[in-house]
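Since the structure comes first, as structure tokens, the remarks are kept for the end.
The values are calculated or read from the model by the stated rules, or taken from the named source; none is laboratory data. Values in this document were obtained by computation on a predicted structure and should not be read as measured data. Neighbour counts run over all protein chains shown; Cβ positions are idealised from the backbone, glycine included.
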Amino acid sequence: MNNQIRARKVRVIDTDGKQLGILDLSEALRISQERNLDLVQVTEKVDPPVCKIMDYGKYLYLQEKKKKKEKKGGVLKGIRISYNISPHDLETKVKMTEKFIKKGDKVKIELHLKGRERALKEHAEEKIQEFLNLLKEKIEFKVERDLKKKGTNLTIIISKP
């Protein structure tokens with residue numbers, strides 16, 4: 001940035017994203033100093049290198065913020081379905097899950113078993129599989145954690161591939 005740039009001529013981009021053209025380094029530095037901003041070299045792979053007039057501190061802050069967001073990997077959202085859920089309600093839950101996955105969130109699908117339903121674990125697994133098949137028709141996803149029985153609940157976690 002600024003005086004650390006080695007090239008004699010640079011292609012300058014304004015704060016608005018408009019190209020000012022190929023300028024001498026001294027003139028590009030003068031323009032950036034008049035605006036109380038920094039001249040930052042964006043790429044050096046092309047000849048002449050591309051430099052942008054911007055606030056360098058703000059640029060670093062936004063880069064750091066972007067890295068944190070990528071690292072996070074989304075929030076864990078929960079979708080609860082019941083053993084006797086109607087087809088329309090199941091479709092509604094699929095749409096909600098689709099929105100969450102498109103947004104980049106992980107989704108925990110939970111089926112709660114009550115009373116005698118606990119004895120029908122195989123049918124409950126089929127219900128979750130039906131839910132996943134409906135979802136697969138709409139959007140692609142990957143299974144983060146396989147189907148597990150935890151107490152009276154069957155849970156599975158899915159996310160964006």
| message | Yes or no: region 57-80 includes at least one residue that is at negative phi, surrounded by 15 or more Cβ atoms within 10 Å (Cβ to Cβ), in contact (Cβ under 8 Å) with a residue 40 or more places away in the chain and over 13 Å from the mean Cα position of the chain (by Cα). | response | no
| query | What strands (runs of 3 or more DSSP E), lying completely within region 87-161, carry at least 2 residues that are touching a residue at least 24 places away in the same chain (Cβ under 8 Å), surrounded by 11 or more Cβ atoms within 10 Å (Cβ to Cβ) and touching a Ser or Thr at 6+ places or on another chain (Cβ under 9 Å)? | reply | 106-112, 142-150
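Determine, yes or no, whether ASN153 is among the polar types (S, T, N, Q), more than 30 Å from ASP38 (Cα to Cα) and out of contact with any strand residue (DSSP E or B) (no Cβ under 6 Å at 6 or more places or on another chain).
Details: among the polar types (S, T, N, Q): yes; more than 30 Å from ASP38 (Cα to Cα): yes; out of contact with any strand residue (DSSP E or B) (no Cβ under 6 Å at 6 or more places or on another chain): no.
No, not satisfied.
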| query | Can you tell me which residues in region 97-112 are more than 10 Å from ILE158 (Cα to Cα) and over 14 Å from the mean Cα position of the chain (by Cα)? | reply | GLU98, GLU110, LEU111, HIS112
| field | Matching entry among GLY21, GLY17 (being over 21 Å from LYS58 (Cβ atoms) and either free of Cβ contacts under 8 Å to residues at least 60 places away in the same chain or in the same structural domain as ASP55 (by TED's automatic domain parsing) (or both)) | value | GLY21
| task | Would you mind stating whether LEU132 is in the same structural domain as SER26 (by TED's automatic domain parsing) and among the aliphatic types (A, V, I, L, M)? | result | no
| note | Within region 29-45, restricting to residues that are closer than 18 Å to ASP55 by Cα, of a type outside the set (S, T, N, Q) and without any contact (Cβ under 8 Å) to a residue 24 or more places away in the chain, the one that is surrounded by the most Cβ atoms within 10 Å (Cβ to Cβ) is LEU37
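Going by the conditions given, is ASP47 of a type outside the set (A, V, I, L, M), in a loop (DSSP other than H, G, I, E, B) and under 26 Å from the mean Cα position of the chain (by Cα)?
Considered against the rule, which asks whether it is of a type outside the set (A, V, I, L, M), in a loop (DSSP other than H, G, I, E, B) and under 26 Å from the mean Cα position of the chain (by Cα), ASP47 comes out as no.
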